[in-house]
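Structure first, commentary second.
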Amino acid sequence: MTFHLRRDWQLYLLLLIPLSFVLVFKYAPLSGLVLAFKDYKIAKGFWGSDWVGLQVFQEIFDKPDFIRAVRNTIMLNSLDLVFSFTMPIVLALLLNEIKSVRFKRVNQTLLYLPHFLSWIIIGAIAYQLLGQGNGAINNVIELMGGKRIPFLQEDTHWLITYLAIGVWQSMGWGTIIYLASISSINSEMYEAATVDGAGRWRKVWNVTLPSIRVTIVTLLIMNLGKVMEGSFERVFALQNKATTEYTTTIPVLVYRWGIESGNFSRATALGLFQAVIGLALVLLADRIAKKLGEDGLI
């Protein structure tokens, strides 16, 4: 061990930078979880506040907003898992079939761009395009003799719009890993399939998809851990007073209780509950994947 430290001390020194980042920003804040078990008062301080045990959890479980937030979080993230997780796979398979390298690169660049936009910018663009009053798309619909559609001003339409915008924003970036996995497939497998008389779609089904199955399963397990999380920025940017049925999620509730109301104990307890459920889902998904013959994560 000493020999390796002396020989590669520069590499170990560089390792200290990401290691310090993880320790300071990932592990050090875990001490703040103690607020979930205290009646935190700013005047008494972090450690001086009274210990109340599981009382804070009991309070949040009795709140009507809690049940609603859990329901909406699971529903929105489950629908996201169906659409936003599968679309990058489909898109990667389609891009892989494009023979023109230049055309493929242009399309990839255009598809990646939405990922780099802030959700605040995306929300502003969405209201400019889809707003019921002055939205550009509704203006076109009205000029063509149709009725204005409340894309963002009615709960059901808001839900569909929310999912569609999420797919648009994430599908291009999500294809990167799948395209990298596809590029590592041995070309001889495709040649053998061609000799056997397989067409383009048969190659996709029998060669490409089985070859990237490990990547799909790994990313699926990681995404299952986010079912209880959700995107605060996405909901916050697209919400409005006319649509309140699906906009109360766990991250939004943490913001309301913690930042707006100043009840840090309740917000911490809710965040801890969310993290524990997410961890349990990852472990469960990993175990199921192993039982089905996959490698899993752990």
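The values are calculated or read from the model by the stated rules, or taken from the named source; none is laboratory data. Please read these numbers as outputs of a predicted model, since none were measured by experiment. Quick reminder, even Gly has a Cβ in these numbers, built from the backbone with ideal geometry, and neighbours come from all protein chains shown. What goes into the accessible areas is simple: the full protein's heavy atoms, side chains included, and nothing from ligands, DNA or RNA. Shrake-Rupley method; radii C 1.70, N 1.55, O 1.52, S 1.80 Å.
For Asn138, the shell of other residues with beta-carbons less than 10 Å away shows a net charge of +1, using +1 for Lys and Arg and -1 for Asp and Glu. Computed from backbone phi, the HN-Hα couplings of the stretch 222-231 come to 5, 6, 5, x, 9, 4, 9, 9, x, 9 Hz, rounded to whole numbers (Karplus: 6.51 cos²θ - 1.76 cosθ + 1.60, θ = phi - 60°; Gly and Pro given as x).
Phe3 contributes about 130 Å² of solvent-accessible surface, heavy atoms of the protein only, 1.4 Å probe. Residue order by solvent-accessible surface for Lys104, Lys291, Lys241 is Lys241, Lys291, Lys104, largest first, with ligands and nucleic acids left out and a 1.4 Å probe.
Per residue, the accessible area of the chain comes to 61 Å², computed with a 1.4 Å probe over protein heavy atoms only. Eigen-decomposition of the gyration tensor built on the alpha-carbon atoms of the stretch 52-181 gives equivalent ellipsoid semi-axes of 33, 26, 12 angstrom, largest listed first.
Each Cα pair under 8 Å and six or more residues apart adds its sequence gap; the mean of these over the residue count of the chain is a relative contact order of 25 percent.
If the segment from Leu279 to Glu188 were pulled out straight at 0.36 nm per residue, it would be longer than the present Cα-Cα gap by 28.7 nm. The HN-Hα couplings worked out from phi for the stretch 257-273 by the Karplus form 6.51 cos²θ - 1.76 cosθ + 1.60 (θ = phi - 60°) are 6, x, 7, 6, 9, x, 8, 6, 5, 5, 5, 5, 4, 5, x, 5, 4 Hz, whole numbers, x standing for Gly and Pro.
Apolar share of the accessible surface for the stretch 158-281: 62 percent from carbon plus sulfur atoms, 1.4 Å probe. Ranking Ser118, Ser261, Ser49 by solvent-accessible area of protein heavy atoms (1.4 Å probe, all protein chains present), from largest to smallest, gives Ser261, Ser118, Ser49. Backbone geometry of the stretch 110-118 corresponds, through the Karplus equation with coefficients 6.51, -1.76 and 1.60 at θ = phi - 60°, to 3J(HN,Hα) couplings of 5, 6, 6, 4, x, 5, 8, 8, 5 Hz, x marking Gly and Pro.
Amide H to amide H distances under 5 Å link Lys38 with Val52, where only residues 5 or more positions off or on other chains count and H is placed in the peptide plane. Only DSSP H runs of four or more residues enter the estimate; each adds -39500 (n - 2.57), and after division by the residues of the chain the mean residue ellipticity at 222 nm equals -19500 deg cm²/dmol.
Candidates (1) 49; (2) 15; (3) 39; which is the computed percent of Cα pairs over 35 Å apart? Matching entry in (1) 49; (2) 15; (3) 39: (3). For the stretch 111-204, dividing the convex hull volume of the Cα atoms by the residue count gives 146 Å³ per residue. Value of Rg to Rh for the stretch 26-114, rounded to two decimals, is 1.31; Kirkwood radius and Rg both from alpha-carbon coordinates.
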